[in-house]
Amino acid sequence: MSRQTLVWISGASAGIGAALAATVPWAGARVIDLSRRGGSAEHFAVDLAEPGEWARVERHFAEVLEGFDGERVVFVHNAGTVVPIGTAGVVDAEAYARAVLLDSAAPQVLGQGFLRAVAGLECEKHLVMLTSGAATKAYAGWSAYGAGKAAVDHWVRTVGLEPNGCRVVAVAPGVVDTAMQGEIRKVDQGAFPAVERFRELDRTGGLVTPEDAAKGIWGLFDRELPSGAVVDLRTL
């Protein structure tokens, strides 16, 4: 393989993922978007909320990495969802199950698949999981989302203790101005009591741009973070 750096980004069709794909800091890197719709990067079409699709992604990792002799391999798992927003016993059951699969299970299964795929490589190996302040602060109406991000944090801390030769970290980018935030602001306060905080951030210019979030995430590669680190860009 002629390219020196190989980068996978899940959910790179929009928002933070698209900004990450547009600003990969390694010249000549091959960038692959794992998503349903696809964006500007090379696209591997997959619905990450479908468990049957996860094995396809692991096979894809293995196929692309066959014969790889470059300097670095990176997987940034960005895909996730905040919907449905509302009381756990009230929201749509099918949508809730998809959110649990995408936010809690997919990061662990895809992360494990990536570690398996890169295990025999003699190069830099990086796995970055996007997390959120909701991993540690409970918000009524966000049970699936908050629990999913808490699962990501604990998985990263645990896998970071293991001898896998890959730097595994989780990063919370802050409150970013994406379509997801637009969905949050439209929710009724009865379903999400904290909604006014997010509306106020929008009104006062307190949201982070996707481009600034991407810059902060790529900046982690210049830091001596230990594997297993869980960081927040707002406190670095």
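If Rh is defined by the Kirkwood formula over all Cα pairs and Rg also comes from Cα, what ratio Rg/Rh do you get for segment 1-141? Don't skip to the end; give the middle numbers.
Details: Rg = 15.9 Å, Rh = 15.9 Å.
When Rh is taken as the Kirkwood radius, the ratio is 1.00.
Among T131, T87, T204, determine the one that fluctuates most according to a GNM of the chain built with springs between C-alpha atoms less than 10 Å apart.
Looking only at T131, T87, T204, the biggest GNM fluctuation is shown by T204.
Output the relative contact order of the chain, whole-number percent, from Cα pairs under 8 angstrom with separation of 6+ residues.
Values: 452 pairs, mean separation 47.7, N = 236.
20 percent.
Given springs between every Cα pair under 10 Å in a Gaussian network model of the chain, which of P107, P173, P226 has the largest fluctuation?
Maximum among the listed residues: P226.
Any chance you could look up the accessible area of E162 with a 1.4 Å probe, heavy atoms only, rounded to 10 Å²?
100 Å²
Quick check for me: using +1 on Lys/Arg Cβ and -1 on Asp/Glu Cβ, what's the dipole size of segment 157-236 about its Cα centre, in debye to the nearest 20? Intermediate results must be reported in sequence, preceding the final value.
On the way: 10 positive and 12 negative charges, 17 e Å.
It works out to roughly 80 debye.
Note down the magnitude of the dipole of the chain about its Cα centre, charges +1 on Lys and Arg C-beta and -1 on Asp and Glu C-beta and zero elsewhere, to the nearest 20 debye. Let's see the in-between values first.
On the way: 22 positive and 28 negative charges, 59 e Å.
Dipole about the Cα centre, nearest 20: 280 debye.
Percent relative contact order of segment 93-183, based on C-alpha pairs within less than 8 angstrom and at least six residues apart?
On the way: 94 pairs, mean separation 31.1, N = 91.
Relative contact order comes out at 34 percent.
May I ask you to work out the translational diffusion coefficient for the chain at 4 °C, viscosity 1.567 mPa s, via Stokes-Einstein with Rh from the Kirkwood sum over Cα pairs, reported in whole µm²/s?
Value of D from the Cα-based Kirkwood radius: 72 µm²/s.
Averaging over every viewing direction, what projected area does the convex hull of the Cα atoms of segment 137-211 cover, in nm²?
On the way: hull surface 24.4 nm².
So the mean shadow area of the Cα hull is 6.1 nm².
What nm distance separates the two modelled labels at E196 and A179, each placed 7 Å from Cα along Cα→Cβ?
Simple spin-label model gives 3.0 nm for this pair.
Among L115, G219, G28, which residue has its Cα furthest toward the positive end of the charge dipole of the chain, with +1 on Lys/Arg Cβ and -1 on Asp/Glu Cβ?
It is G219, whose Cα lies furthest towards the positive end.
Spin-label point model (7 Å from Cα, Cβ direction): what's the R223 to A93 distance in nm?
If labels sit at R223 and A93, their model points lie 4.3 nm apart.
Placing unit charges on C-beta atoms (Lys and Arg positive, Asp and Glu negative, everything else neutral), compute the dipole magnitude of segment 5-95 about its Cα centre in debye, rounded to 20. Walk me through the intermediate numbers first.
Values: 6 positive and 12 negative charges, 50 e Å.
With only Lys, Arg, Asp and Glu charged at Cβ, the dipole is about 240 debye.
From largest accessible area down, sort T178, T235; use a 1.4 Å probe on the protein chains. Please report the intermediate quantities before stating the final value.
Values: T178 30, T235 110 Å².
Reading off the accessible areas and sorting them downward yields T235, T178.
Using 0.36 nm per residue of separation minus the Cα-Cα distance, give me the extension gain between D69 and K137 in nm, one decimal.
Taking D69 through K137 to full extension adds about 20.3 nm, to one decimal.
So how tilted is helix 143-159 from the main axis of the chain? Cα-based, degrees 0 to 90, rounded to 10.
The angle comes out at about 30 degrees.
Name the most mobile residue of R223, R157, R116, meaning the one with the largest mean-square fluctuation, in a Gaussian network model of the chain with Cα contacts below 10 Å.
R223
The values are calculated or read from the model by the stated rules, or taken from the named source; none is laboratory data. Remember, it's a predicted structure, so these values are computed and weren't measured experimentally. Quick reminder, even Gly has a Cβ in these numbers, built from the backbone with ideal geometry, and neighbours come from all protein chains shown. Please note that ligands, DNA and RNA were not included when accessible areas were found on the heavy atoms of the full protein model with its side chains. Shrake-Rupley method; radii C 1.70, N 1.55, O 1.52, S 1.80 Å.
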